[in-house]
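Since the structure comes first, as structure tokens, the remarks are kept for the end.
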Amino acid sequence: MVADRRARVADVHEIALGLPHVTVVRGRSGNPVYQVGGKSFVFFRTPRPDAVDPATGKKLPDVIVLWVESDADKQALVQDPATPFFTTPHFDGHDSVLVQASRLGELGRQELAEVVQDAWLARASARRRAAWLAAHGSTARA
């Protein structure tokens, strides 16, 4: 399980870094924050009081934030019990979803890639978004 989690976390890093115009900055605790055009699209969050284990009440140590295009996209991910995505009241009105790194193994690599790519698309400029979509044979977001 730990090896699978590490592999999936490594996949997040690899996928995010493989997208164009990506920079990595470090949060206050040294956690990676992936940005496109100065806008964060994936970041590894430090433990916070709004995201806790319901069984123990302890802060979750492995939360990753991923941007989404809209509230409708967010709701589709967090309301589907088959996905590991969730949100907290702190993120009400924010176009992002949360996922624990320890649950990334529930996603296939392709599904994970799509979520990270969609996060990039949600934050990239219109020009960068159009260029990426054209290069990947798409004119609309899937």
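The values are calculated or read from the model by the stated rules, or taken from the named source; none is laboratory data. Computed from a predicted structure; not experimentally measured. SASA here: full protein model, heavy atoms, side chains in, ligands and nucleic acids out. Shrake-Rupley method; radii C 1.70, N 1.55, O 1.52, S 1.80 Å.
Values as computed for the structure displayed
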item	result
Of (i) 47, 30, 28; (ii) 51, 31, 27; (iii) 55, 38, 27, the label for Cα extents along the principal axes in Å derived from the coordinates	(i)
List LYS39, LYS74, LYS58, ordered by accessible area with a 1.4 Å probe, largest first	LYS58, LYS39, LYS74
For the chain, calculated [θ]222 nm from helices alone, where every DSSP H run of n ≥ 4 adds -39500 (n - 2.57)	-11000 deg cm²/dmol
In sequence order, calculated HN-Hα J values of the stretch 59-71 (Karplus, 6.51, -1.76, 1.60; Hz; x Gly/Pro)	4, 6, x, 9, 8, 10, 9, 10, 6, 10, 5, 8, 5
For the stretch 80-85, 3J(HN,Hα) per residue [Karplus equation, 6.51 cos²θ - 1.76 cosθ + 1.60, θ = phi - 60°, Hz, x = Gly/Pro]	7, x, 7, 9, x, 7
Tensor-based shape of the stretch 1-66 (alpha-carbon gyration tensor, a/c under 1.5 rounded, otherwise prolate or oblate)	oblate
Using θ = phi - 60° and Karplus 6.51 cos²θ - 1.76 cosθ + 1.60, couplings along the stretch 32-48 (whole Hz; Gly, Pro as x)	x, 10, 8, 10, 10, x, x, 10, 5, 10, 9, 9, 8, 8, 7, x, 9
